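**Q** Next up is a structure, given as structure tokens.
The values are calculated or read from the model by the stated rules, or taken from the named source; none is laboratory data. All values derive from a computational prediction rather than experimental measurement. In this analysis, Cβ positions are derived from the backbone assuming ideal geometry, glycine residues included, and neighbour counts consider all displayed protein chains. Ligands, DNA and RNA are stripped out before the accessible areas are found, and what is left, the full protein with its side chains, is counted by its heavy atoms. Shrake-Rupley method; radii C 1.70, N 1.55, O 1.52, S 1.80 Å.
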Amino acid sequence: MSAIAVILNLDGAPVEHAILEDMAQQVAKLGPDGINYLYRDNIGLAYLALNSTPEALHETQPLESEEKRYLLVADARIDNRPELLAILHRHLPNKQVLTDPDIILAAYRKWGTVAPAYLIGDFAFVIWDQAEKELFAARDTMHARPLHYARVGQSLCITTDAQQMLKHPKISGKPNLNTLASWLISEPRGHLCMFEGIHSLPAGNSLHHTKHQQLHIKKYWNLNPDHRIRYRKTEDYQEHLKELLSRTVSDRMRTNGSIIASELSGGMDSTTVTALAQQQAQAQSKQLLALSHEYNKHPSCSESVYINELVQHLGLKHKYIDIENEGGLDYYANSPAARENPSGFWLPRVLPSTAHAANAGACVLLTGIGGDEACWGHPYIFPYRLMRGDLRVIPEIITISKRNGLPIRNLFYRLILYPFIPEKLKQTKRAVASLLQSNTPASDPDCWLPSELIKQLNLQLENNKEPVPGYRNRAQREWFKGLVRAYYSTLHIYRWAGATSGIDVRHPFVDRRLIEFAFAIPVELWNQQNYPKWLLRRTMSDLLPNSVAWRAQKTDFSSYYLSELKCHQGTIKKLLENNFLNSHGLINSTRFSKALDSYLLSEKEGGTLAYCYAIATIAWCAAHCSKEQINQEAIK
């Protein structure tokens, strides 16, 4: 994962080198293999290199086309290279080694502004047409590569991270209160930037600045609800899924090194990736190192039984990481790791993996991130199946109730009745619960957020939500809603953790081809016979031990986070002394402090995530919203 920065002066003036260089240096960790600049007339481009593929060693970025018409800078890994090379041969330069930026530019030559729809992979790029005086930029469909833009006076700035923009003297860096509020309620959105005046280009969108000085943002990709895949036999779906997974793993193993690392827990996602990567590594004469977290102090978090069985089953080279000692949360040192957003809170759990991968000589780390979103389906499938006359739903829910120790009445309500309650009625119920706080769980943000803020935020999120494809099946619509906001913070954490060690972190489940397949097949294939990810389990049962493939329960890491909250309770209280959120009506610090005290005394493990998001946001404000800013805001 590299980084880019571009400044286009719309009045024709040359770009100030110092501003562009400051923007690049702000994220220098993302470019361990060097920073290059290119200036032409009224545009400047910067590229921060992380050379993690064989072709990247031959890249020259920023790229200028042979006839000097186009300039390009790209943070990209293109996965459908073989298919594109066959189609684009007439538009490619005459070079011995064709790089991913060469392919992107060739695609733009052939297809123009619709080119991104033909690209599969993780990418964000900017192209400047010097003849037409037009700029075009695009971002991949799955949030894998960020891209931000801002109109600053007579300049258009485009960068990988929003924090790079803050080096521009005309950008204030004033926090976006709506974005802070979305973090406080545990629903950060990828299209909401932390700073006012800076915009995040949504995933699957392109930006086009025309010669007529008009700026157009256009969605070039979305799921097609009319796209369906139907086979007669379940085995055919399994074969199709196996081919897809093998391809997505193989594509992400394209590296210039001989060692590849892979995160390995005892769950379906990381074990699937690791098992397929082991196959590929043996075929490519590469070495795979599996890295797992060890929880000696928190037995409920330990997955060592499943991990050890898989290591022996696959013959893996493996290493345990003592995450309790290496990954402790330090709110002052690690939470504000980057000014980009509050997700640094989770960074300590990820940093050890990238550090151990780098120490082993790897330059790529594979993860199972995205497996839940791609292969879990959605609980609303239960009423959908019941409405179709599938009475097996009833004993399945009873089994789930017994297995997880959940009251059967509550489970039937959540899975069968709740989906049919109108959203406005749900919001009204939450608002009433906020007023009657004695009935509100301490882990519910409604307990410490002002009711008026919740009302405004719900309206704001409703007005700025991603367009949902017109699936007739509500389970698929709700699944999609969760999908579009699922990856944002997690991918950012891994990107920055990788940057500290020069590691390119890649996620095989975060793949457009896999998502298109998941939504095109019958939705009930993902959740059957008491098992979420049913089709994935069937597909991988020939590679994984039965104890892993058909493992009934998912590990809950709440006890680990709960102990960390207790350990740092004093530090958290000190963070609350920063009055920025309270002074802007975003949180009631007194209620939050009381709710946290009550929660920690209760010893209840559930609900920890809500506190983690709130504390992460509070820590971010403590680091980046000074008392001077608070006073200036009050004066205004």
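**Q** What is the residue count in the range 374-391 for residues that are under 30 Å from Q279 (Cα atoms), part of a loop (DSSP other than H, G, I, E, B) and either of a type outside the set (G, A, S) or out of contact with any strand residue (DSSP E or B) (no Cβ under 8 Å at 6 or more places or on another chain) (or both)?
**A** Step one: of the range 374-391, the residues under 30 Å from Q279 (Cα atoms) are 374-377.
After this cut, where a residue has to be part of a loop (DSSP other than H, G, I, E, B) as well, the list is 376-377.
Subsequent filtering for residues that are either of a type outside the set (G, A, S) or out of contact with any strand residue (DSSP E or B) (no Cβ under 8 Å at 6 or more places or on another chain) (or both) retains 376.
So the count comes out to 1.
**Q** Something else about it: Give L207, L276, L241, L264 a once-over and let me know the one that is on the phi < 0 side of the Ramachandran plot, touching a residue at least 12 places away in the same chain (Cβ under 8 Å) and under 20 Å from the mean Cα position of the chain (by Cα). Break it down into steps so the answer makes sense when it comes.
**A** Numbers: L207 fails: under 20 Å from the mean Cα position of the chain (by Cα); L276 fails: under 20 Å from the mean Cα position of the chain (by Cα); L241 fails: under 20 Å from the mean Cα position of the chain (by Cα).
Going through L207, L276, L241, L264 in turn, just one is on the phi < 0 side of the Ramachandran plot, touching a residue at least 12 places away in the same chain (Cβ under 8 Å) and under 20 Å from the mean Cα position of the chain (by Cα): L264.
**Q** Mind checking which residues of the range 173-231 are closer than 18 Å to A115 by Cα and in contact with a Gly (Cβ under 9 Å, 6 or more places away or on another chain)?
**A** Once the filter is applied, which keeps residues that are closer than 18 Å to A115 by Cα and in contact with a Gly (Cβ under 9 Å, 6 or more places away or on another chain), the range 173-231 yields P202, A203, K219, Y220, W221, N222.
**Q** Can I ask one more? Among the residues of the range 601-622, what is the count of those that are over 23 Å from the mean Cα position of the chain (by Cα) and at pLDDT 85 or above?
**A** Residues that pass the stated criteria total 1.
**Q** Now a separate question. Select from the range 349-387 the residues that are farther than 28 Å from R513 by Cβ and over 17 Å from the mean Cα position of the chain (by Cα) and list them in ascending order. Outline the logic, then answer.
**A** Taking the range 349-387 and keeping what is farther than 28 Å from R513 by Cβ, we get 349, 351-352, 355-356, 358-361, 383, 386-387.
Once the filter is applied, which keeps residues that are farther than 28 Å from R513 by Cβ and over 17 Å from the mean Cα position of the chain (by Cα), the range 349-387 yields P352, A355, H356, A358, N359, A360, G361, P383, L386, M387.
**Q** Could you identify the single residue in L92, L98, L85 that is surrounded by fewer than 21 Cβ atoms within 10 Å (Cβ to Cβ), out of contact with any strand residue (DSSP E or B) (no Cβ under 7 Å at 6 or more places or on another chain), farther than 22 Å from L38 by Cβ and of a type in the set (A, V, I, L, M)?
**A** On the way: L92 fails: farther than 22 Å from L38 by Cβ; L98 fails: farther than 22 Å from L38 by Cβ.
None of the others qualify; the one that does is L85.
**Q** Which number in (1) surrounded by fewer than 21 Cβ atoms within 10 Å (Cβ to Cβ); (2) more than 24 Å from N178 (Cβ to Cβ) marks the one condition that Y560 misses?
**A** If we test Y560 against (1) surrounded by fewer than 21 Cβ atoms within 10 Å (Cβ to Cβ); (2) more than 24 Å from N178 (Cβ to Cβ), just (1) comes out false.
**Q** In the range 578-597, what count of residues is obtained for those that are closer than 20 Å to S451 by Cβ and open to solvent by 30 Å² or more (accessible area, probe 1.4 Å)?
**A** Taking the range 578-597 as the starting set, the residues that turn out to be closer than 20 Å to S451 by Cβ are 581-596.
Still in the list and also open to solvent by 30 Å² or more (accessible area, probe 1.4 Å): 582-585, 588, 590-591, 594.
Residues in the range 578-597 being closer than 20 Å to S451 by Cβ and open to solvent by 30 Å² or more (accessible area, probe 1.4 Å): 8 in total.
**Q** Only residues that are closer than 21 Å to M142 by Cβ, surrounded by 13 or more Cβ atoms within 10 Å (Cβ to Cβ) and not basic (K, R): list them for the range 52-82, please.
**A** As a first pass, look at the range 52-82 and keep what is closer than 21 Å to M142 by Cβ: 52-53, 56, 73-82.
Checking which are surrounded by 13 or more Cβ atoms within 10 Å (Cβ to Cβ) leaves us with 52-53, 56, 73-81.
Once the filter is applied, which keeps residues that are closer than 21 Å to M142 by Cβ, surrounded by 13 or more Cβ atoms within 10 Å (Cβ to Cβ) and not basic (K, R), the range 52-82 yields S52, T53, A56, V73, A74, D75, A76, I78, D79, N80.
**Q** Considering the range 81-107 alone, what residues qualify as being in a loop (DSSP other than H, G, I, E, B) and either closer than 16 Å to Y220 by Cα or among the aromatic types (F, W, Y) (or both)?
**A** Let us first name the residues in the range 81-107 that are in a loop (DSSP other than H, G, I, E, B), namely 88, 92-99.
The answer is none; no residue qualifies.
**Q** Same structure, new question: Quick one: in the range 350-373, which of the residues that are out of contact with any helix residue (DSSP H, G or I) (no Cβ under 6 Å at 6 or more places or on another chain), farther than 13 Å from S262 by Cβ and not in a loop (DSSP other than H, G, I, E, B) is modelled with the lowest pLDDT?
**A** D372
**Q** Starting from the range 42-60, take each residue that is free of Cβ contacts under 8 Å to residues at least 40 places away in the same chain and list its partners that are among the aromatic types (F, W, Y) and open to solvent by 10 Å² or more (accessible area, probe 1.4 Å), counting only C-beta distances under 8 angstrom and pairs at least six apart or across chains.
**A** So the pair list comes out as G44/Y37.
**Q** Filter the range 347-387 down to the residues that are β-branched (V, I, T) and open to solvent by 30 Å² or more (accessible area, probe 1.4 Å) and list them by number. Lay out the reasoning, then the answer.
**A** Here is the first cut: in the range 347-387, the ones β-branched (V, I, T) are 350, 354, 364, 367, 369, 381.
Selection gives I369 alone.
**Q** Does S2 meet the test of being more than 19 Å from Y149 (Cβ to Cβ) and surrounded by 19 or more Cβ atoms within 10 Å (Cβ to Cβ)? Before you say what the answer is, go through the steps one by one.
**A** On the way: more than 19 Å from Y149 (Cβ to Cβ): no; surrounded by 19 or more Cβ atoms within 10 Å (Cβ to Cβ): yes.
Answer is no for this residue.
**Q** Restricting attention to the range 535-552, and to residues there that are open to solvent by 40 Å² or more (accessible area, probe 1.4 Å) and assigned to a loop (DSSP other than H, G, I, E, B), which single residue is modelled with the lowest pLDDT? If you could, list the steps in order and put the result at the bottom.
**A** Filtering the range 535-552 for residues open to solvent by 40 Å² or more (accessible area, probe 1.4 Å) gives 538, 541-542, 546-547, 550, 552.
When the remaining residues are screened for being assigned to a loop (DSSP other than H, G, I, E, B), the result is 541-542, 550, 552.
Working: S541: 96, D542: 95, W550: 93, A552: 81.
Among them, the one singled out is A552.
**Q** Sticking with this one: When you scan the range 66-105, how many residues do you find that are of a type in the set (S, T, N, Q) and at pLDDT below 95? If you could, list the steps in order and put the result at the bottom.
**A** Step one: filter the range 66-105 for residues of a type in the set (S, T, N, Q), giving 80, 94, 96, 99.
Adding the requirement that they be at pLDDT below 95 leaves 94, 96.
Result for the range 66-105: 2.
**Q** Within the range 5-51, can you find the residues that are under 21 Å from T210 (Cβ atoms) and crowded, with 22+ Cβ neighbours inside 10 Å? Don't jump to the end; show me each part of the working.
**A** Filtering the range 5-51 down to residues under 21 Å from T210 (Cβ atoms) leaves 6-13, 15, 40-45.
Answer for the range 5-51, where residues must be under 21 Å from T210 (Cβ atoms) and crowded, with 22+ Cβ neighbours inside 10 Å: V6, I7, I43, G44, L45.
**Q** Next question. Go over the candidates I394, I400 one by one and state the one that is within 16 Å of K554 (Cα to Cα) and either part of a helix (DSSP H, G or I) or touching a residue at least 40 places away in the same chain (Cβ under 8 Å) (or both). Steps first, answer last, please.
**A** On the way: I394 fails: within 16 Å of K554 (Cα to Cα).
After applying the criteria, what remains is I400.
**Q** Please enumerate the residues belonging to the range 131-169 that are open to solvent by 20 Å² or more (accessible area, probe 1.4 Å), more than 14 Å from H199 (Cα to Cα) and either touching a His at 6+ places or on another chain (Cβ under 8 Å) or of a type in the set (A, V, I, L, M, F, W, C) (or both).
**A** Across the range 131-169, the qualifying residues are A131, E134.
**Q** While we're here: In the range 133-188, what residues are hydroxyl-bearing (S, T, Y) and modelled with pLDDT of 95 or more? Give the steps one after another, and end with the answer.
**A** Step one: of the range 133-188, the residues hydroxyl-bearing (S, T, Y) are 141, 149, 155, 159-160, 172, 179, 182, 186.
Once the filter is applied, which keeps residues that are hydroxyl-bearing (S, T, Y) and modelled with pLDDT of 95 or more, the range 133-188 yields Y149, S155, T159, T160.
**Q** Among K110, K68, which is part of a loop (DSSP other than H, G, I, E, B) and either in contact (Cβ under 8 Å) with a residue 12 or more places away in the chain or more than 22 Å from A28 (Cα to Cα) (or both)? Spell out the reasoning first.
**A** On the way: K110 fails: part of a loop (DSSP other than H, G, I, E, B).
On inspection, the qualifying residue turns out to be K68.
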